[in-house]
Amino acid sequence: MTCDNSQLNIGILPSVKAVHVHGPDAEKYLQGQLTCDVQALADGESSLAAHCDPKGKVISILRLIRIDQQHFSYVQEHAIAAAQIAALKKYAVFSKLEISELEQPILAIAGNDAEAFVEQHYGAAISQHGGCADEASIFRINGPRTRFLVIEKSDFISSGTLDIKAWQQCDIASGLPHISPATQLAFIPQALNLQALDAISFSKGCYAGQETIARAKYRGANKRALFRLSGHSDQPLISGESIELQLGDNWRNKGTIIQAVGLDSSHWEALVVLPKDSQDDEVFRYHADSESRFRLSSLPYPIDE
């Protein structure tokens, strides 16, 4: 199954971890920690966001949903969850809130029948926008293919087996970056195109890393962006490893792999941070495979500040 296949693709996504934040100060605290405008979220509304350190480097990319006035949940990559939760808790001792990991698995839903499935189980409004229903929090992921992530607190568990490779390919085709241990604290949000994904508010008050993020927007301080590469390599592409640009007969290190998926024995797609002025006619290779070749592929959104 590929990202464009019409089959219903549903099952547990083991690479994702859910976290719950609740208490009288939950909204105010998250507003001062995340790049999205938490205060602007209505009940049941969600947003992509980054959690950054004071220097504006991304600790995690997450999806946050407001359950009600004092309760929020978010999902992020399992591999960096422990470090992100520790960073989020660092100043929480001064606020009236609790931060806890959720143990239930995350259900992923994709394919042409994804909206119909969500409508059947959670209602028409949630199938169009995401939201909260009973004990479930549902994130709608827009892109070339509409998909959903569900934090389900009841015993409802899909009997299907998720095609994880197809899910990963959809993330790449959608230009949705993930942070790994190898790329944590390596980039500011704009180098990961988070401004193009409506994950940054430039009008809300102060939050961790805001000075660096604002400077990148208003003073043109950011010189990098996230690109999609397609090509072939006999070696597996690894997050945090280097991509090189061909310059005549030579090659120069130009980028960093954020995430990649192998579609067959040698065909790979990847999201890579490269110079913003990278061109469609440029040729790239993976540093660990001198015979590999990659070119830029399209993203579903324009890259800007």
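The values are calculated or read from the model by the stated rules, or taken from the named source; none is laboratory data. None of the values given here were measured: they were computed from a predicted structure. For neighbour counting, all protein chains shown are included, and Cβ atoms are generated from backbone atoms with ideal geometry for every residue, glycine included.
Structure data summary
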quantity: Single residue of Lys204, Lys165 found to be assigned to a loop (DSSP other than H, G, I, E, B), surrounded by fewer than 21 Cβ atoms within 10 Å (Cβ to Cβ) and either free of Cβ contacts under 8 Å to residues at least 40 places away in the same chain or not polar (S, T, N, Q) (or both); calculated: Lys204
quantity: When residues of region 233-272 are limited to those that are surrounded by fewer than 20 Cβ atoms within 10 Å (Cβ to Cβ), hydrophobic (A, V, I, L, M, F, W, C) and over 17 Å from Lys223 (Cα atoms), the one farthest from the chain's Cα centre (by Cα); calculated: Leu247
quantity: From the options Lys276, Lys223, Lys217, residue that is within 22 Å of Asp304 (Cα to Cα), out of contact with any strand residue (DSSP E or B) (no Cβ under 7 Å at 6 or more places or on another chain) and surrounded by fewer than 22 Cβ atoms within 10 Å (Cβ to Cβ); calculated: Lys217
quantity: Checklist (1) under 23 Å from the mean Cα position of the chain (by Cα); (2) closer than 27 Å to Gln7 by Cα; (3) without any contact (Cβ under 8 Å) to a residue 60 or more places away in the chain applied to Pro105, failing item; calculated: (3)
quantity: Test for Asp155: is it within 19 Å of the chain's Cα centre (by Cα), of a type in the set (D, E, K, R) and either surrounded by fewer than 16 Cβ atoms within 10 Å (Cβ to Cβ) or modelled with pLDDT of 95 or more (or both); calculated: no
quantity: Single residue of region 118-152 satisfying the filter (among the small types (Gly, Ala, Ser) and under 21 Å from the mean Cα position of the chain (by Cα)) that is farthest from Leu102 (Cα to Cα); calculated: Gly143
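One line per residue, one yes/no per condition, for (1) among the basic types (Lys, Arg); (2) out of contact with any Asp or Glu (no Cβ under 6 Å at 6 or more places or on another chain); (3) touching a residue at least 60 places away in the same chain (Cβ under 8 Å):
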position	(1), (2), (3)
Asn250	no, yes, no
Ile257	no, no, no
Val273	no, yes, yes
Ser278	no, yes, no
Arg295	yes, yes, yes
Ser298	no, yes, yes
